[in-house]
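Some notes on the structure that comes next.
The values are calculated or read from the model by the stated rules, or taken from the named source; none is laboratory data. Owing to the predicted nature of the structure, the values given are computational and were not obtained by experimental measurement. Backbone-built Cβ (ideal geometry, glycine too); neighbour counts: all protein chains shown.
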């Protein structure tokens with residue numbers, strides 16, 4: 001059948017979806033969620049069919065295309081396409097097999113990941129895969145296969161030198177910008193540490209958002225290589241590199257139920273490490289009631305599996321379990337966190353002590369992994385001598401940024417203080433509320449928005465003293481943020 | 001936040017979905033798949049948020065509403081609504097619990113089914129529930145709870161008399177219109193048999209489609225009761241009665257993977273029987289390579305569970321396992337099947353012998369369930385005496401139809417014969433191809449479309465003899481149907 005393309009300006013968020021008028025659908029006996037092949041010149045894509053009875057949306061003789069389909073086939077309104085009924089993707093059978101608790105082979109896992117990367121699976125189908133892996137945990141061998149499949153269906157960076165250091169934090173803690181201290185520190189010590197980081201999804205800033213307050217973070221693989229060749233390190237956004245593209249799509253359907261199949265968490269993280277060819281990987285698991293990992297039992301379990309998976313992939317993996325009960329550092333939001341990092345590297349007295357302690361401990365672990373003793377002392381020397389700071393400036397420049405005094409970082413011009421309602425000791429801080437307030441104030445998109453904390457847990461405070469200051473670049477957002485800060489308790493004092 | 005409604009003329013197929021402009025979404029820190037509450041006067045609905053960057057689709061200050069939302073809130077373009085971020089539905093936690101292999105309580109199952117019925121779950125979330133029930137089979141107790149929850153969150157019909165007979169076929173076999181023979185037969189014998197049937201989803205006709213070639217099938221609960229009080233029986237479409245509404249929604253997400261969690265199949269069928277308060281239920285499980293149940297092992301397993309579930313629900317359930325390897329009867333498509341049924345009831349020599357044999361056997365089983373011996377003979381008498389036919393005419397009239405000679409049923413005016421390509425014995429018939437050809441010819445929407453078979457398995461045929469005739473009401477559909485009939489083998493002869 002021949003139909004004319006019509007844009008409907010909706011994004012499915014990933015899956016390829018097209019909408020048929022019910023009359024055309026009936027002619028070809030196509031049902032909702034059936035798969036159809038669209039031929040446009042030499043291009044061809046298999047998409048999931050939706051059906052509408054609204055001639056306003058898709059008139060007879062037309063086919064409504066979601067944005068993903070439009071991009072894939074480079075369509076303009078009115079372009080003619082040939083439509084035929086397609087077979088289901090091969091991987092549906094394998095997903096079903098996993099739901100039936102069978103072990104999957106390399107070929108089957110490769111096919112599933114290929115179909116995910118190429119948007120061949122609908123959300124419902126992808127959800128079955130995630131549910132199957134969650135409830136019928138993958139074996140270690142399957143996890144290795146999944147890790148390699150996710151990595152190898154994206155780009156893989158290769159380096160001439162070894163070792164290649166890397167770190168990863170199993171997130172959820174506001175502040176906590178250890179990467180921006182460890183990368184210049186280890187690079188200053190002569191090690192290669194090509195770090196790719198993520199942007200925030202639900203937090204006030206990802207490392208990539210914070211680094212972006214100081215330099216560019218979006219680079220191609222080739223550009224990244226040049227930066228690392230010059231400076232030993234980089235802090236860039238992983239999203240532009242097409243590393244492990246299946247991963248983001250899997251994470252998307254995990255979100256509604258907040259399930260995190262352990263084997264998928266392992267595969268997701270290790271695939272990204274595999275993609276950048278790191279050899280020594282330090283993994284930080286913060287524990288806290290608002291963190292991804294809530295108990296030390298869970299953390300120990302995860303550590304065992306990370307280390308085993310590392311061995312099977314030929315990587316040295318060391319896992320540390322840390323305190324994730326409250327924000328680390330004082331700034332929350334890109335520029336405010338970047339200021340903490342620069343103060344720390346410049347040995348400014350305003351630097352956050354908790355962030356420094358954590359970074360020194362992690363640096364010591366990294367040194368130990370590559371066989372250097374007295375790592376803690378070496379790390380402190382690299383900081384105190386200014387070598388780590390100078391390396392950071394080098395990296396910032398290599399990433400098209402400028403050296404900037406921390407005080408000159410532009411913060412939101414609207415500010416408001418949130419005060420203690422009573423005197424006492426800070427017994428608890430709600431990370432979720434802290435992140436929400438910072439986000440509503442404009443973080444991470446508005447770099448200067450967020451908040452700055454004056455108190456941490458255990459600190460004493462008097463009624464009327466400042467707990468934190470909110471920064472925002474818009475009066476309206478400040479109003480929303482203040483509303484939330486007033487309605488929702490973030491500091492528990494008694 | 002206050003936004004103006006804008007219709008976007010798309011149906012999600014169930015879930016309540018609204019689309020925000022990315023600027024408004026950022027102001028409220030709303031992400032794709034978050035839940036938001038929409039207030040419109042006194043009405044309020046919780047919906048899933050999608051986000052667009054296209055001002056063409058949803059400009060800033062507006063909110064795009066899918067058809068389901070528009071209906072639920074009775075919205076017109078430009079209506080002002082208040083939007084707030086909503087909590088997740090309670091049942092997500094319970095679904096997660098089932099994924100974690102825990103047993104669910106009555107309260108939890110009731111909540112899940114309530115959320116399904118009220119469109120509170122997105123497709124992805126509902127899929128997690130289906131996947132959880134599939135891979136971590138429900139216990140018998142959970143299945144009973146699910147059955148009752150599905151039934152009680154719809155209407156329940158009650159009758160003054162007992163027993164109430166019922167039957168169900170676990171589908172997939174073209175033709176096979178036993179209901180349309182058994183209902184008048186058992187009603188003529190004095191039993192109450194208020195049968196609700198489905199329309200076709202992927203077959204050439206459901207019983208409701210076929211009955212619709214003779215009478216109306218869409219009635220309210222009250223109308224149905226009146227029909228049954230007058231005639232003892234009815235053959236109507238279940239879809240208009242709001243019986244077990246959760247069921248259709250569950251079936252929708254099962255389709256892509258063609259999974260059928262056994263516990264959900266059981267709950268789905270028994271919930272509908274519970275809703276019509278039947279006391280004696282005969283279940284037909286045809287086995288065949290194209291049927292829903294493929295092996296006798298599976299069928300036996302299912303039988304055991306049906307009978308156990310029946311006992312726990314206080315119903316008498318009898319399961320028969322039958323041959324589902326080929327079409328039953330000669331007509332495929334509403335009018336063609338209705339003609340077979342009328343021929344059978346009128347004792348016309350052209351009646352299909354296979355359908356008659358099956359109906360007699362099933363009637364005998366039904367008589368045995370209510371304690372009548374010699375059921376086979378009674379059934380034959382009811383047919384031969386014309387009592388069953390007269391009861392059918394009564395039911396047709398009660399359902400606003402007219403007595404019509406079978407020859408006067410309007411069939412598609414375009415016909416084409418499909419001939420045997422060689423001589424031999426018919427070794428196999430592909431039910432899937434038979435259904436597809438009939439559907440593309442126009443069934444079930446065009447009542448007179450479909451096909452009429454001249455041969456069954458084991459029959460001898462000479463090259464050039466007719467295998468079947470296709471009927472269609474449109475030249476174009478006939479062309480498509482013939483294409484498929486020529487390309488795809490339906491009769492295997494050697």
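Details
- Subset of segment A:207-258 (residues that are modelled with pLDDT of 95 or more, buried (at least 23 other Cβ atoms within 10 Å of the Cβ) and in a loop (DSSP other than H, G, I, E, B)): A:212, A:213, A:214, A:217, A:232
- Test result for residue A:197, within 19 Å of residue A:396 (Cα to Cα) and either within 14 Å of chain B (Cβ to nearest Cβ) or within 15 Å of the chain's Cα centre (by Cα) (or both): yes
- Counting residues in segment B:393-408 that are loosely packed, with under 14 Cβ neighbours inside 10 Å, closer than 30 Å to residue B:279 by Cα and at pLDDT below 95 gives zero.
- For residue A:192, the stated conditions hold: it is more than 14 Å from chain B (Cβ to nearest Cβ) and more than 26 Å from residue A:252 (Cβ to Cβ).
- Sole exception among (1) within 17 Å of residue B:113 (Cα to Cα); (2) assigned to a helix (DSSP H, G or I); (3) within 19 Å of the chain's Cα centre (by Cα) for residue B:183, by number: (1)
- Residue ranges of strands (runs of 3 or more DSSP E) in segment A:436-494 with at least 1 members in contact with a helix residue (DSSP H, G or I) (Cβ under 7 Å, 6 or more places away or on another chain) and not assigned by TED's automatic domain parsing to the domain that holds residue A:330: A:450-453, A:466-472
- Matching entry among B:76, B:87 (being more than 9 Å from chain A (Cβ to nearest Cβ) and modelled with pLDDT of 90 or more): B:76
To keep it simple, each residue is scored yes or no on (1) buried (at least 19 other Cβ atoms within 10 Å of the Cβ); (2) touching a strand residue (DSSP E or B) at 6+ places or on another chain (Cβ under 6 Å); (3) closer than 20 Å to residue A:438 by Cβ; (4) assigned by TED's automatic domain parsing to the domain that holds residue A:458.
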residue	(1), (2), (3), (4)
A:321	no, yes, no, no
A:325	no, no, yes, no
A:341	yes, no, yes, no
A:346	no, no, no, no
A:352	yes, no, yes, no
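- Qualifying residue in segment B:138-159 (condition: within 13 Å of another protein chain (Cβ to nearest Cβ) and surrounded by fewer than 20 Cβ atoms within 10 Å (Cβ to Cβ)): no
- Filter pass, residue A:416 being away from chain B (no Cβ under 14 Å), at pLDDT 95 or above, out of contact with any strand residue (DSSP E or B) (no Cβ under 6 Å at 6 or more places or on another chain) and surrounded by 14 or more Cβ atoms within 10 Å (Cβ to Cβ): no
- When residue A:51 is tested against (1) touching a helix residue (DSSP H, G or I) at 6+ places or on another chain (Cβ under 6 Å); (2) facing chain B (nearest Cβ under 8 Å); (3) within 21 Å of residue B:19 (Cβ to Cβ), just one condition goes unmet, and that condition is (2).
- Among (1) surrounded by fewer than 18 Cβ atoms within 10 Å (Cβ to Cβ); (2) over 17 Å from the mean Cα position of the chain (by Cα); (3) modelled with pLDDT of 90 or more - the single one residue B:289 does not satisfy: (3)
- Residue in segment B:101-108 that is modelled with pLDDT under 95, in contact with a helix residue (DSSP H, G or I) (Cβ under 9 Å, 6 or more places away or on another chain) and either within 10 Å of chain A (Cβ to nearest Cβ) or within 29 Å of residue B:28 (Cα to Cα) (or both) present: yes
- Note on segment A:109-126: residues that are within 17 Å of residue A:50 (Cβ to Cβ) and within 14 Å of another protein chain (Cβ to nearest Cβ) amount to 7.
- Flag for residue B:464 being within 14 Å of chain A (Cβ to nearest Cβ) and on the phi > 0 side of the Ramachandran plot: no
- Selection from segment B:420-432 of residues that are closer than 20 Å to residue B:449 by Cβ and touching a strand residue (DSSP E or B) at 6+ places or on another chain (Cβ under 8 Å): B:429, B:430
- Test: residue in segment B:296-319 that is in a loop (DSSP other than H, G, I, E, B) and touching a strand residue (DSSP E or B) at 6+ places or on another chain (Cβ under 7 Å): yes
- Of all the criteria given as (1) more than 23 Å from the chain's Cα centre (by Cα); (2) within 21 Å of residue A:252 (Cα to Cα); (3) at pLDDT 95 or above, the one not satisfied by residue A:98 is (3).
- Yes/no for residue A:292 being assigned by TED's automatic domain parsing to the domain that holds residue A:325 and in contact (Cβ under 8 Å) with a residue 12 or more places away in the chain: yes
- Here is the figure for segment A:1-25: residues that are assigned to a strand (DSSP E or B) and either more than 8 Å from chain B (Cβ to nearest Cβ) or touching a residue at least 60 places away in the same chain (Cβ under 8 Å) (or both) total 10.
- Test result for residue B:429, farther than 30 Å from residue B:219 by Cα and surrounded by 16 or more Cβ atoms within 10 Å (Cβ to Cβ): yes
- Residue within segment A:333-346 that is touching a residue at least 40 places away in the same chain (Cβ under 8 Å), more than 30 Å from residue B:91 (Cβ to Cβ) and within 14 Å of chain B (Cβ to nearest Cβ) present: yes
- Among the residues listed as A:196, A:192, the single one being surrounded by fewer than 24 Cβ atoms within 10 Å (Cβ to Cβ) and touching a residue at least 40 places away in the same chain (Cβ under 8 Å): A:192
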